[in-house]
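Only one structure is covered here, and it is reproduced in the block below.
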Amino acid sequence: QVQLVESGGGLVQAGGSLRLSCAASGTSFRTYNMGWYRQAPGKERELVARIRSDRGTSYVDSVKGRFTISRDNARNTVYLQMNSLKPEDTAVYYCNTVPVVWSSWGQGTQVTVSS
């Protein structure tokens, strides 16, 4: 059973930064494409950043130039560095494979950006 544990969220003012971490256990994720997803209140979950097994990355337009996704296969951990945060980035952030193959989502980590 794969377990995902996200951490690093918090309350930050607009323009601030946070670094999120997601640790996976129960499998070796080096062969998977991994992604960070977010879900804001009343909205559907969306994929915001993806990193392939070959470390190629892609981002949704709204976070390009501000967010950076990275991975440490030795630690089974994926990161999301978020800079220049905006109030519209407020959401619960989750990680999972891209496309989603692990049915067990983690608890997520709350990011709240105040204006």
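The values are calculated or read from the model by the stated rules, or taken from the named source; none is laboratory data. Everything numeric here is computed off the predicted structure, so don't read it as measured data. A quick note on method: Cβ atoms are made from the backbone with ideal geometry, for glycine too, and the neighbour counts reach across all protein chains shown.
With at pLDDT below 95 and over 11 Å from the mean Cα position of the chain (by Cα) as the only criterion, which of 113, 101, 60 stands out? Outline the logic, then answer.
Numbers: 113 fails: at pLDDT below 95; 60 fails: at pLDDT below 95.
Just a single option satisfies the conditions, and that option is 101.
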Q) Of all residues in segment 59-87, which are within 22 Å of residue 11 (Cα to Cα), free of Cβ contacts under 8 Å to residues at least 40 places away in the same chain and of a type in the set (D, E, K, R)? A) 64, 66
Q: Within segment 18-54, work out how many residues are exposed (fewer than 13 other Cβ atoms within 10 Å of the Cβ), part of a strand (DSSP E or B) and β-branched (Val, Ile, Thr).
A: 0
Q) Among the residues of segment 1-17, which ones are modelled with pLDDT under 95 and exposed (fewer than 12 other Cβ atoms within 10 Å of the Cβ)? A) 1
Q: Return yes when residue 104 is in a loop (DSSP other than H, G, I, E, B) and without any contact (Cβ under 8 Å) to a residue 24 or more places away in the chain and no when it is not.
A: no
